[in-house]
Every structure is written in structure tokens, then in C-alpha cells.
Amino acid sequence: MRNRMVVVEGSFAVAHAVKVSRPHVISAYPITPQTHIVEDLAQFAADGEMNCEYMNVESEFSAISALIGASAAGARTYSSTTSQGLALMHEALFNASGMRLPIIMTVVNRALSAPINIWNDQQDSISQRDTGWIQLYAEDVQESADTIPQLYKIAEDPDILLPAMTCMDGFILSHVYEPVILLEQSLTDEFLPRYSPEIVLDPKNPMSFGAFADPSTYTEFRYKQEKAMAVALNRIEEVANEFNDVYGRYYGGLIDGYLLDDAEIVIMAMGSVIGTIKDAIDELRSEGESIGLLKVRSFRPFPADAIKKAIKNAKVVITLDKNISIGKNEGALCTEVKACLYNTDFRVPVIGFMIGFGGRDIPISMIRNLVTKAKLVEKGIFVESEIVDLREDLA
Amino acid sequence: MSLLKPGHRGCAGCCDALAAKFVLDAIGEDCIVVSPTGCLEVFTTPYPESSWGVPWIHSLFENAAAVASGIEVALKALGKKNNTRIVAIGGDGATLDIGLQAISGAFERGHDLLYICVDNEAYMNTGVQRSGATPLYASTTTSPAGKISSGNPQHKKNMPAIIAAHGSPYVATASVAYAPDMMKKVKKAAQTKGPTYVHVHAPCCTGWRFEGSKTIEVGRLAVETAMWPLYEMENGVITNVKKLRNKKPVEEYLRAQGRFKHLFTAESGVEEIKKIQAIADWNVKNFGLE
């Protein structure tokens, strides 16, 4: 396996994964740090390496809108964006999901303005939480690429038909050069069937998309989206296993664990910080600490049951969020984990730390400090959720 | 039967319903229609019913041109383009205001699609608020005539000229009051390769405040007074103009509608009607209507 590895930029690995997934239409608008993905795709198209229409549009809003039209016409579609671009798409994200169009998008996670900042956190995709899109978060470059065909398979399932975004941390994953295996065309063709939807815009069989629903019918549209998310909950696991069968790689389905089974302290997080946490856990384990990691791969649908099962031996749960709900003083993962534990008999303190905003580095030492802080609850000291690693001169 | 089926919820005398019917009559079955948000979308598709006998999609208010361009590109990519026409039918708000950027992008990219603006000169679906297409001194709910106001203070945006500036091979103005002329232009636009545009003047009985039986009459007065010139532009050059044999004073058009009523009661109205007449006179000169 090692000799199949090449060292490429994260964006290239993702663009290549898109190429071998054989989309019919790609539409995108440039924004840092997403640009390298769409530049690579444009080059593939320019070199005739993809049998695909590449659309340059005048805004992210038109990028997603064009894909809504293309997907409704029966095309497999792809876009990528980040931060302000994703925020500009917000209205259309609801629309794509409501019309049950399985558009796939890579969100290269970046902070939101103001103040303007091009570096990584996850406020952008977290802020689209309720738009009805499946959201998977990738830990490294290989997973960012491998998630692309997985998401097509999940999203295009006739029992799901929801749009989906794969989230990769900006610069940390998009611009890093890592050894990866580029997805093979032959394996991808074996793994991912051609897209042939039954309900499309077709003059031979005219149908209306995006009708007007009054109070007597609107609720059921939302209900069916929620039901589709419940189907996705199982399908994400299955597809991760099917991917493993074909390619021999597995990242967890909904969640993954690292030294988790017997862990009394459990750290939960999403995205590239997982690697740093694993290193911190290795250090702490060697010092005798009973600590493990729960990686949340699927944020929507939210894997409440899987999480509850995975942390049943925990004495303390620490959530790390690269986002904040301003006015709640918590990140989304913290709030959701707390919520999923409430109607159960299981009681464990959940301590939310918000960290790594706007690209601020998260070193191993910081993870260790947070563990030390969280452990105070074992001594009966109340530890509040908070933004950590603040500069005293600015705070 | 028309491809726009009966039973929709349009007002009696609705200009949108007329326009949509004429468009489908002109183009036929082999098309895909995109509607932005607006009256037409609302009254033709009360779920689970639909009046559309052709494939139809409504996404959002401001993105019809982008959705249409995505459909066109998808059909190409799937090898299904053939002769299928992609037709966006949008109101004036969706076209001149909120959707302008997406239209500019689509026309600049040069997709093979037809965009039809059904212009009833205000946001009728939300209750007659002014748009960039509302004419000078029209009273709307957000540009009402009042003690110190004579109604909408701005001139109507010249959308056909904006589209022509994008290099569109075919731009035409039409009116629901001249059905054969409108259908001929829609057909021509549909048969012309590239992004084409037809701007249809469409009197709204509810918003302009006239009897629903007078939609055609009011539409004809707009043309006969030179308030709405009918012309065709090919590759940026005017190639055909509907000449006026007996040009009427604008007063006849204005008097037929409630939205200009204040011009005939307030003292300042005389001067304001003169300014509106000047617009008509400019149209006559600029487009060579006589």
C-alpha cells in the first residue's frame, strides 16, 4: 500500500476524488482557502481529463443555484466553498435540501467576518447546521478525499436524497502536503454506481419542483427530511464499511474512537484537531491517565445513540469546539452532547472548551492544559464552558 | 388545451397568467420552465396541484437565471440538450432588482436560454410595493402619493438596454395586450441560439387599480401613448419597431388606472403629467415610433 502513496496538496487530493466520482456539473466561485480545489478541477476540465461541465459563475449564490438546476435536471453535481461564500449560499442550502437534491460540496472551513479572517475555524459550516444538509468532518487529507465518493453514495440513496457537505479544515488540510493514496478510478467505479435519478426535469414526463406549500402540507416536507436523516444515520455506517471493503480504509462511520473503551476522561472533537488530540492522549496515557478520544465524524445527522453508547464509562467529557453560539457561551458540539444525554439516566459532566478560532494554533500542550482543568470536576469543583487560550492584553 | 392548465389561483384578468399561457403556446411542450418567487409561482402551484403541463422548477426569488443556466449545462453534460428550450419567466422585481446579478452572470456566460420578464411594474405578490420597474409618479404601497409626495420618484430602469449591453443576440419588448406580436417574439427568441430576452409589459388590475376586464385595454393604451414602445433588437441594434398611427396623450393611459389618480387631484399634477408626457415623447423620438 505504501508504494501507492504520493505527496500532494490536500486540495489536489480532494479535486482528484471529485474527478474520479464522475460529476456531470461543477460550479464554483473562488474564495480563500477553497481556491486550490476549484483551480485543480478547472485544470482537469481544461485538459479534458473529466467528462464534466465546469461552470464559472459570478457568486457562490449562483454556484449553488446553478447546481440546484443541474441536480433537478438529473446531473451529479459538485461545488466547494468556505466562510463568507457558504454564508452567502445560506438561503439556497435550505432550498436544495427541501427539494431533495443530492448536491455534494466540500466546505473548506474558515472563520467568518467581522473581523475578516481567512484562517481556520468551523463557524461557517456549524452555522449551516439546520439547513438540512448532511455534514461529515474529516480528520486528515486522505479522509477529506475519501469522503467525497462516500457522500455521493449516501446522498444519492433513493431513501435519503439529501445534499451533503464534507468539511475539511482550511489551510491545515487544504494547503498541507501529505502522503495520500489518490482514489483509483477503477475502484471508485466499483464503489460508486452511476447516478440515475427517477424524478428529474424532463419534457417527456413533466413534473413541478419547488411548489408552494401552505400550512396544510408544509410540515410533512420537513418531517420527511428528518426521516431521510434517520436513514442516513444507518447508511453512513454502511457506506463507510463498503468503502473499507473496496479501498481498505476506514475512518469510522458516524463516530470513531481512540483508546476510548476504558477511558474515564473522553475528549470529543471534529476535524483536523483530532490528530493533535491523539498525540496528547498518547502522552497522557503513558503518564497513567485513563483518557480517550471520541471523534465525531457525522455532525448531521447527529449520532446521539452512538455517542451515548461510546461514552458510557466516562467520568468526564470534554468537548472541543472551533465555533461558538454567541450568547450561549458554548460551541455546538458541547450543546448537542449535553442535549443528547439529558433524557437518560446517565450523568456525566460535559465541559465545553472553545478553541482555535480564526486559525489560532492548538498545540498538544493546550490540550493537556484543558484536561488538567477539566479534571477539577473530579474534585467537585464546577468547571464552566469557556473560550480558552485568550490573550490577556486583548481580552 | 393550453400547457398552462386551468384551475390556478390567478386573479380574474391576471396579466401573469396571460403571459405564461402565451409563452407556452408559442414554445410548445419541449421546454423546461424556471420561475423565480412571485405571483405566477404561487398561484400556479398550490401543492399538490400544478398548472404546468411542462417541467417546471421554482427555487428562490433571486436565482432563476442561475438555476436555468445550471439546467442548460446539465442537459448538455447528460447529452440531453437536443432542442429542449430552457425558459425563465420572472416578474419585474425578480428581474430588475433582486435577480439582476444572476441574470448578468447567465447572459455573460452565454447560455442557450430564454429569459422572459413579465413586468407589472411593482411587487404585486407582496402587496404592490415599488420596484426598479415602477414608473415615475406611480403610487404604490411603499411609494405612496401623499401630502408631500407625488408617488414613485424614480424613473423605470431600462432593462432591455442592460441585457443588450451583455451582447444578447435577441432582445425584444412585448405586451400581453398584443398577443400575436408577443408570441411571435417569444418564438423568435426561443429559436435564437444563446441567451435571449423578452420584456413583456403586463398591466396588473389589482396593483394598478383597474377593472379585471380591462387588462388588454390598459395594455394597449400603454403602447398607444408611447409609454411602452414595442421593438426588437438583434445583436444590440434595433431592427424592428411597432409604429404608432394615432399616438394618444399619456393622460388617457394614466386616467385608466388608480395608481396615477393623485396626478389628477393634486395641483402639482399638471406639471407631473407633463414630465410623464416627456418620457413618452422621448420614446417616440428615440425608437422612431412615428
**Report entry** Inter-residue pairs, beta-carbon under 6 Å, first open to solvent by 40 Å² or more (accessible area, probe 1.4 Å) and in segment A:156-184, second in a strand (DSSP E or B), 6+ apart
**Finding:** A:177/A:7; A:177/A:9; A:179/A:5; A:179/A:7
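Of all residues in segment B:23-34 being in contact (Cβ under 8 Å) with a residue 40 or more places away in the chain and facing another protein chain (nearest Cβ under 8 Å), which is surrounded by the fewest Cβ atoms within 10 Å (Cβ to Cβ)? It would help to see each step written out before you state the result.
As a first pass, look at segment B:23-34 and keep what is in contact (Cβ under 8 Å) with a residue 40 or more places away in the chain: B:23, B:25-27, B:30-34.
So of that shortlist, the ones also facing another protein chain (nearest Cβ under 8 Å) come out as B:30-32, B:34.
On the way: B:30: 13, B:31: 22, B:32: 28, B:34: 31.
Only one residue fits best here, namely B:30.
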Query raised in the report: Which one is farthest from the other protein chains (Cβ to nearest Cβ), of the residues in segment A:35-55 that are closer than 28 Å to residue A:158 by Cβ and assigned to a loop (DSSP other than H, G, I, E, B)?
Result: A:50
Query raised in the report: Name the residues in segment B:36-53 that are out of contact with any Ser or Thr (no Cβ under 8 Å at 6 or more places or on another chain) and buried (at least 24 other Cβ atoms within 10 Å of the Cβ), would you?
Result: B:37, B:38, B:39, B:40
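Would you list the strands (runs of 3 or more DSSP E) that sit entirely within segment A:60-146 and hold 2 or more residues that are of a type outside the set (S, T, N, Q) and in the same structural domain as residue A:182 (by TED's automatic domain parsing)?
Details: elements: A:77-81, A:104-109, A:134-137.
Correct list: A:104-109, A:134-137.
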Query raised in the report: Which residues, taken from segment A:126-141, are open to solvent by less than 20 Å² (accessible area, probe 1.4 Å) and out of contact with any helix residue (DSSP H, G or I) (no Cβ under 7 Å at 6 or more places or on another chain)?
Result: A:137
Query raised in the report: Just wondering, is there one or more residues in segment A:285-292 that are touching a strand residue (DSSP E or B) at 6+ places or on another chain (Cβ under 9 Å), in a helix (DSSP H, G or I) and in the same structural domain as residue A:366 (by TED's automatic domain parsing)?
Result: yes
Query raised in the report: From the list A:288, A:248, A:210, which one is exposed (fewer than 14 other Cβ atoms within 10 Å of the Cβ) and more than 28 Å from residue A:347 (Cβ to Cβ)?
Result: A:248
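For residue A:318, indicate whether it is assigned to a loop (DSSP other than H, G, I, E, B) and either surrounded by fewer than 16 Cβ atoms within 10 Å (Cβ to Cβ) or at pLDDT 95 or above (or both). If you could, list the steps in order and put the result at the bottom.
On the way: assigned to a loop (DSSP other than H, G, I, E, B): no; either surrounded by fewer than 16 Cβ atoms within 10 Å (Cβ to Cβ) or at pLDDT 95 or above (or both): yes.
It is false that residue A:318 is assigned to a loop (DSSP other than H, G, I, E, B) and either surrounded by fewer than 16 Cβ atoms within 10 Å (Cβ to Cβ) or at pLDDT 95 or above (or both).
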Query raised in the report: Does any residue of segment B:123-132 turn out to be open to solvent by less than 10 Å² (accessible area, probe 1.4 Å), of a type in the set (A, V, I, L, M) and either at pLDDT 95 or above or under 16 Å from the mean Cα position of the chain (by Cα) (or both)?
Result: no
Query raised in the report: Is one or more of the residues making up segment B:60-68 within 12 Å of residue A:208 (Cα to Cα), facing another protein chain (nearest Cβ under 7 Å) and among the aliphatic types (A, V, I, L, M)?
Result: no
Query raised in the report: Within segment B:35-57, can you find the residues that are facing another protein chain (nearest Cβ under 7 Å), closer than 25 Å to residue B:207 by Cβ and outside any loop (DSSP other than H, G, I, E, B)?
Result: B:41, B:42, B:46, B:52, B:56
Query - Search result, residues across segment A:56-92 that are facing chain B (nearest Cβ under 7 Å), surrounded by fewer than 24 Cβ atoms within 10 Å (Cβ to Cβ) and not small (Gly, Ala, Ser) - result: A:58, A:61, A:91
Query raised in the report: Can you find even one residue in segment A:348-361 that is open to solvent by less than 20 Å² (accessible area, probe 1.4 Å) and in contact with a Leu (Cβ under 6 Å, 6 or more places away or on another chain)?
Result: yes
Requested in this report: Could you tell me which residue of segment B:1-19 is surrounded by the fewest Cβ atoms within 10 Å (Cβ to Cβ), considering only residues that are in contact with a Leu (Cβ under 6 Å, 6 or more places away or on another chain) and either closer than 19 Å to residue A:218 by Cα or within 13 Å of chain A (Cβ to nearest Cβ) (or both)?
Outcome: B:3
**Report entry** Residues (open to solvent by 10 Å² or more (accessible area, probe 1.4 Å) and among the charged types (D, E, K, R)) located in segment A:142-155
**Finding:** A:153
Query raised in the report: Is at least one residue of segment B:186-196 open to solvent by less than 10 Å² (accessible area, probe 1.4 Å), modelled with pLDDT of 95 or more, closer than 24 Å to residue B:276 by Cβ and not β-branched (Val, Ile, Thr)?
Result: no
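Pick from A:105, A:99: which is within 11 Å of another protein chain (Cβ to nearest Cβ) and touching a residue at least 24 places away in the same chain (Cβ under 8 Å)?
On the way: A:105 fails: within 11 Å of another protein chain (Cβ to nearest Cβ).
Among A:105, A:99, only A:99 is within 11 Å of another protein chain (Cβ to nearest Cβ) and touching a residue at least 24 places away in the same chain (Cβ under 8 Å).
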**Report entry** Matching residues, segment A:213-234, being within 14 Å of chain B (Cβ to nearest Cβ), free of Cβ contacts under 8 Å to residues at least 12 places away in the same chain and either open to solvent by less than 20 Å² (accessible area, probe 1.4 Å) or among the aromatic types (Phe, Trp, Tyr) (or both)
**Finding:** A:218
Requested in this report: Please tell me if residue A:186 is among the small types (Gly, Ala, Ser), modelled with pLDDT of 95 or more and farther than 30 Å from residue A:200 by Cβ.
Outcome: no
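Of the residues in segment B:74-132, how many are within 12 Å of chain A (Cβ to nearest Cβ) and among the β-branched types (Val, Ile, Thr)? Write out each step before concluding.
Quick first cut of segment B:74-132, residues within 12 Å of chain A (Cβ to nearest Cβ) only: B:74-88, B:98-111, B:113, B:125.
Subset that is among the β-branched types (Val, Ile, Thr): B:84, B:86-87, B:98, B:103.
Count: 5.
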Report task. Being touching a residue at least 60 places away in the same chain (Cβ under 8 Å), part of a loop (DSSP other than H, G, I, E, B) and farther than 15 Å from residue A:320 by Cβ is the filter here, so list the residues in segment A:235-271 that pass it. Result -> A:248, A:249, A:251
Query raised in the report: What pairs can you find where one residue is in segment B:113-139 and within 19 Å of residue B:218 (Cα to Cα), the other is among the basic types (Lys, Arg), and their Cβ atoms are less than 6 Å apart, with a gap of 6+ or different chains?
Result: B:122/B:130; B:133/B:156; B:135/B:156; B:138/B:259; B:139/B:259
Query raised in the report: Are there any pairs, at least 6 apart or on different chains, whose C-beta atoms fall under 6 Å, with the first in segment B:69-93 and under 26 Å from residue B:44 (Cα atoms) and open to solvent by less than 10 Å² (accessible area, probe 1.4 Å) and the second at pLDDT 95 or above and hydroxyl-bearing (Ser, Thr, Tyr), and if so, which?
Result: B:88/B:115; B:89/B:35; B:92/B:131; B:93/B:123; B:93/B:131
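The values are calculated or read from the model by the stated rules, or taken from the named source; none is laboratory data. Being a predicted model, the structure only gives us computed values, none of them experimental. All Cβ positions, glycine included, derive from the backbone under ideal geometry; neighbour counts span all protein chains shown. Just so you know, the surface numbers come from the protein's heavy atoms only, side chains and all, with ligands and any DNA or RNA stripped out. Shrake-Rupley method; radii C 1.70, N 1.55, O 1.52, S 1.80 Å.
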